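Notes follow the structure.
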Amino acid sequence: MTKTHIALALLTSTIACTSAHAQTTTSQTQPPIGFGGHLAYVSNDAGSGSDLDGSLRFEGFGQLQFAPNLALEVGISHSTGAEESGEDNTGSYKLEISSTDYFAGLRIDTQPWGAINGYGRAGVLYYHSTIDFEESFFDIKPGGDLEEIEEGTGFYLEGGIALQIAPGAKLDAGITWRNRQDYFEDSIRPFDMKELGATIGIVFTTR
């Protein structure tokens, strides 16, 4: 074998080893990504005197794990209309509040106990809420409808347990709390919109 052949063999071997090492390193260092969705049934509290019905909240999110058991999440959720209605001698009214939230936060998972582990989520949100108010006066005089858009910030907390149901798939079940702050902040009676309820969902990860 000539010196040229030997040099070419060594060069080819070096390139192959370098490529294999780079692929292994990339696969080891590439952070897991995931996505999921939750469905929650929540009670609604708009402050003193409110009597809003419960509502559903749907949410979808993506996750990027940047440390063991710790992930960054971003997502969007929608809460269906929470209603309050009433009637007296002069007429009746109905109030409905629905909201779309854009949120970002962190998720932490505890070390597993078999197929189960605990988890917690916390973060901030930006809300876009629609408030509909209908009023009638038993045909004594014309009633009316009013729609108001409120936007602002808030935060959320959630905690529960996660069950490993398949490789790369977990079923979440927990308690969720959300606070949207400063509705009608320029009025004499601003209020926060709070949600508290139970949530269930599924999260998929790449590995």
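The values are calculated or read from the model by the stated rules, or taken from the named source; none is laboratory data. All figures in this text were calculated on a predicted structure; none of them were measured in a lab. To get the accessible areas, we keep the full protein, side chains included, count just its heavy atoms, and leave off ligands, DNA and RNA. Shrake-Rupley method; radii C 1.70, N 1.55, O 1.52, S 1.80 Å.
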TODO: Pull out the extension gain between SER187 and TRP113, defined as 0.36 nm times the separation in residues minus the alpha carbon to alpha carbon distance; nm, one decimal.
DONE: 21.6 nm
TODO: Would you mind calculating the gained length between THR80 and LEU196 on full extension (0.36 nm times residue separation, minus the Cα-Cα distance), in nm to one decimal?
DONE: 40.4 nm
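Just the number, please: carbon plus sulfur as a percent of the accessible area of the stretch 89-207, 1.4 Å probe, no ligands or DNA/RNA counted.
Of the solvent-accessible surface of the stretch 89-207, carbon and sulfur hold 61 percent.
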